[in-house]
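Here the structure is laid out as structure tokens; the discussion comes afterwards.
The values are calculated or read from the model by the stated rules, or taken from the named source; none is laboratory data. For clarity, every value in this text was computed on a predicted model and none was experimentally measured. Every residue, glycine among them, receives a Cβ derived from its backbone with ideal geometry; neighbour counts consider all protein chains shown.
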Amino acid sequence: MAAQQVEAPATLRLGSFGTKEFQVVVDAGITVPEAARYPVAQIEQRAVTTEWAGERLRIMAKENPVFTYT
């Protein structure tokens with residue numbers, strides 16, 4: 001099979017989603033590395049809950065305090 005260049009858009013932008021109290025907005029640059037082969041993955045859509053998002057936030061904070069406002 002002949003080598004093909006993988007193409008991707010320069011950015012990924014998703015409108016806000018979540019709950020009234022917790023909104024997620026994605027505005028990210030996309031970089032495709034040069035490689036002879038690329039891994040293939042199958043992605044399942046996940047229902048984002050406040051609990052799931054909070055757990056991800058705690059993981060990213062690496063056990064540091066996470067402050068919120070009321």
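A quick yes/no check of all residues on (1) in contact with an Asp or Glu (Cβ under 9 Å, 6 or more places away or on another chain); (2) among the aliphatic types (A, V, I, L, M); (3) farther than 24 Å from Leu12 by Cβ; (4) at pLDDT below 85:
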| site | (1), (2), (3), (4) |
| --- | --- |
| Ile30 | no, yes, no, no |
| Arg37 | no, no, no, yes |
| Gln42 | no, no, no, no |
| Val48 | no, yes, no, no |
| Glu51 | no, no, yes, no |
| Arg56 | no, no, no, no |
| Ala61 | no, yes, no, no |
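Scanning the stretch 1-52 for residues that are farther than 30 Å from Tyr69 by Cβ and small (Gly, Ala, Ser) turns up Ala2, Ala3, Ala8, Ala10, Ala35, Ala36, Ala41.
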